[in-house]
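In what follows, a single structure is set out as structure tokens and then discussed.
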RNA sequence: CGGGGCAUGGCGCAGUCUGGUAGCGCAUCUGCUUUGGGAGCAGAGGGUCGCAGGUUCAAAUCCUGCUGCCCCGACCA
């Protein structure tokens, strides 16, 4: 491709709207342009990268035996009503009406449509297992799109759905997809981890996420330094303390704590460490009342764990101010478990405290020297908190470290959640009708592009790994407009490389060398060839990798072979 | 949804407080010079200042309403 014919507009200045590195670089390199909040156009350069990602995904999906299909983006409401998600899915589901006032959705995912296909097409256990996948545009009306294409509303996803006659087959299909994902992300040269995950709105049982490690990631992951354990913090179990609770040493005492509504304020005011204070959160109960969740002051509530507790409303909702007042007689900021008239769950760590501080359920008052059993009944205890850095690993080996990740893939064993709701059955060996089991497997194609940049950039721009690079080589001739020998040699080299199947961006612009170097580095083309009069007289061409600091002189005659070897390596 | 901020040529910004000829840098176009790290000179094009009302002799600027975008929050009682 000749740069002079390629509409890439690079900028030196970073657009004000971009917050994270990948978004900034994608805008500066002219890969994407924003059309509306969370909605982007992909320009030629950016789309080339998307296609590279898709290509690797297709190859590995096909290798794993999955079959490509293409389902519609716009889907009839009936299917969603049938699965129950017309109501369940909430405001992220973009709903619309056609000219006949019929309800439709713009698909955020395709379980309904694919299950409909399966129940129509699959009749016999002999046709199972089968795995259908597609690479297609999704729309999720995110509350808050951000970070460019990392959390957009419209995005490209590879989604796959497998159908099985029994559990063993579903587990095998899941394992095959897991292996395929490892191959794909390895080929894309992403630094990733697979982690145990919550199943969330999709539903189902076993599930793992593939997380690209990056400080800008939105997900927190707990990784053990003692073994292979890794889990999303949403799910990672916090081990209960192993030491016995200390015996009470202090007397119960009421202390005035005017306006001390937060743990930080309280801790500073009383000179008591945060981990010696309790916080009491009231959440809605399933019966219309409230449930108290009690945590150590330095811990955070884990909503995913909490909403699974008996009696707690799912999804988790904090109690209204009125409900708080009714249950405690106080206002938020001074709540405590002592004398509280509602079910109480204490986190294991909170239950292990002695002589702690908590709210007195009266304005501007807290209790000090409080002890379970002595001053109030022993509470039900549960795992309610997020694990923190340094917690023991739930496997018993090593400690947990908290790292950040970008979720680029997620695989689930769905079981019968959709097949049952939508009556997707086949006949088994004995002619009995059985409900198929399903697995589903997603990959955020466009998000991978951003994630790769987050992991591969420097102060000058992007550094593409070969498999995702929009072009393998950038060919920069110097003084092209003036030097006939340079032009002849560059044209010839460009043609030779192209004929050898190398993807070359030929910078034939009438621009100064500095401009070309700067653009090549911003665009992140991994291999650079520079052709100047000086080198030409010696019969050589300069080569430099985007990550390298120095040039190498390569004899002109062997440049193509040299580049092919680099790309093969 | 709550809070904060922003909206002026393609991009980045000034001008708004204190109303009075719309400006700067980058980018773009033309010409000449220049050509190994974002060139110089000379010239040119491009903006109904987000939209709609209002105040005023006069509005980018003041007032009202709306829209869009960005950031933070939406457990930490």
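The values are calculated or read from the model by the stated rules, or taken from the named source; none is laboratory data. Predicted model, so just to flag it, every value in this text is computed and none were measured. Here the Cβ positions follow ideal geometry from the backbone for every residue, glycine too, while neighbour counts run over all protein chains shown.
Key figures for this structure:
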{"read-out": "Qualifying residue in region A:499-512 (condition: in contact (Cβ under 8 Å) with a residue 40 or more places away in the chain, within 33 Å of the chain's Cα centre (by Cα), within 17 Å of residue A:6 (Cβ to Cβ) and within 12 Å of RNA strand B (Cβ to nearest atom))", "value": "no"}
{"read-out": "Residues of region A:300-333 satisfying the condition of being more than 30 Å from residue A:220 (Cα to Cα) and assigned to a loop (DSSP other than H, G, I, E, B)", "value": "A:329, A:330, A:331"}
{"read-out": "Matching residues in region A:274-284 - criterion: being within 13 Å of RNA strand B (Cβ to nearest atom), modelled with pLDDT of 85 or more and out of contact with any helix residue (DSSP H, G or I) (no Cβ under 6 Å at 6 or more places or on another chain)", "value": "A:275, A:280, A:281, A:283"}
{"read-out": "Output for region A:275-300, where each listed residue is surrounded by fewer than 19 Cβ atoms within 10 Å (Cβ to Cβ) and under 14 Å from residue A:347 (Cβ atoms)", "value": "A:275, A:298, A:300"}
{"read-out": "Within region A:114-130, considering residues that are touching a residue at least 40 places away in the same chain (Cβ under 8 Å) and in a helix (DSSP H, G or I), the one farthest from residue A:425 (Cα to Cα)", "value": "A:114"}
{"read-out": "Filter pass, residue A:18 being within 8 Å of RNA strand B (Cβ to nearest atom), over 30 Å from residue A:127 (Cβ atoms), touching a residue at least 24 places away in the same chain (Cβ under 8 Å) and assigned by TED's automatic domain parsing to the domain that holds residue A:212", "value": "yes"}
{"read-out": "Exclusive hit being within 13 Å of RNA strand B (Cβ to nearest atom), out of contact with any strand residue (DSSP E or B) (no Cβ under 7 Å at 6 or more places or on another chain) and free of Cβ contacts under 8 Å to residues at least 24 places away in the same chain, set A:373, A:321, A:362", "value": "A:321"}
{"read-out": "Residue within region A:524-536 that is in a helix (DSSP H, G or I), closer than 19 Å to residue A:8 by Cα and near RNA strand B (Cβ under 8 Å from one of its atoms) present", "value": "no"}
{"read-out": "Strands (runs of 3 or more DSSP E) within region A:355-415 that include 3 or more residues farther than 24 Å from residue A:316 by Cα", "value": "A:365-370, A:400-415"}
{"read-out": "Within region A:242-263, tally of residues that are under 17 Å from residue A:360 (Cα atoms) and either surrounded by fewer than 16 Cβ atoms within 10 Å (Cβ to Cβ) or under 40 Å from the mean Cα position of the chain (by Cα) (or both)", "value": "12"}
{"read-out": "Qualifying residue in region A:40-60 (condition: within 15 Å of RNA strand B (Cβ to nearest atom) and touching a strand residue (DSSP E or B) at 6+ places or on another chain (Cβ under 6 Å))", "value": "yes"}
{"read-out": "Qualifying residue in region A:216-235 (condition: touching a helix residue (DSSP H, G or I) at 6+ places or on another chain (Cβ under 8 Å) and more than 30 Å from residue A:173 (Cα to Cα))", "value": "yes"}
{"read-out": "Condition check for residue A:469: buried (at least 22 other Cβ atoms within 10 Å of the Cβ) and either within 7 Å of RNA strand B (Cβ to nearest atom) or modelled with pLDDT of 95 or more (or both)", "value": "yes"}
{"read-out": "Which listed residue is part of a strand (DSSP E or B) and touching a residue at least 60 places away in the same chain (Cβ under 8 Å), from A:294, A:283", "value": "A:294"}
{"read-out": "Selection from region A:395-422 of residues that are within 29 Å of residue A:310 (Cβ to Cβ) and either out of contact with any strand residue (DSSP E or B) (no Cβ under 8 Å at 6 or more places or on another chain) or without any contact (Cβ under 8 Å) to a residue 12 or more places away in the chain (or both)", "value": "A:396, A:421"}
{"read-out": "Qualifying residues in region A:540-569 (those that are under 20 Å from residue A:501 (Cβ atoms) and over 40 Å from the mean Cα position of the chain (by Cα)) - the one nearest to RNA strand B (Cβ to nearest atom)", "value": "A:541"}
{"read-out": "Region A:289-305 - residue that is within 9 Å of RNA strand B (Cβ to nearest atom) and out of contact with any helix residue (DSSP H, G or I) (no Cβ under 7 Å at 6 or more places or on another chain) and, of those, farthest from residue A:273 (Cα to Cα)", "value": "A:303"}
{"read-out": "Matching residues in region A:246-273 - criterion: being touching a strand residue (DSSP E or B) at 6+ places or on another chain (Cβ under 8 Å), near RNA strand B (Cβ under 9 Å from one of its atoms) and assigned to a helix (DSSP H, G or I)", "value": "A:263, A:266"}
{"read-out": "Unmet requirement for residue A:121, which otherwise passes all of (1) in contact with a helix residue (DSSP H, G or I) (Cβ under 6 Å, 6 or more places away or on another chain); (2) surrounded by fewer than 16 Cβ atoms within 10 Å (Cβ to Cβ)", "value": "(1)"}
{"read-out": "Residues being in contact (Cβ under 8 Å) with a residue 40 or more places away in the chain and either in contact with a helix residue (DSSP H, G or I) (Cβ under 9 Å, 6 or more places away or on another chain) or within 11 Å of RNA strand B (Cβ to nearest atom) (or both) - total across region A:324-346", "value": "12"}
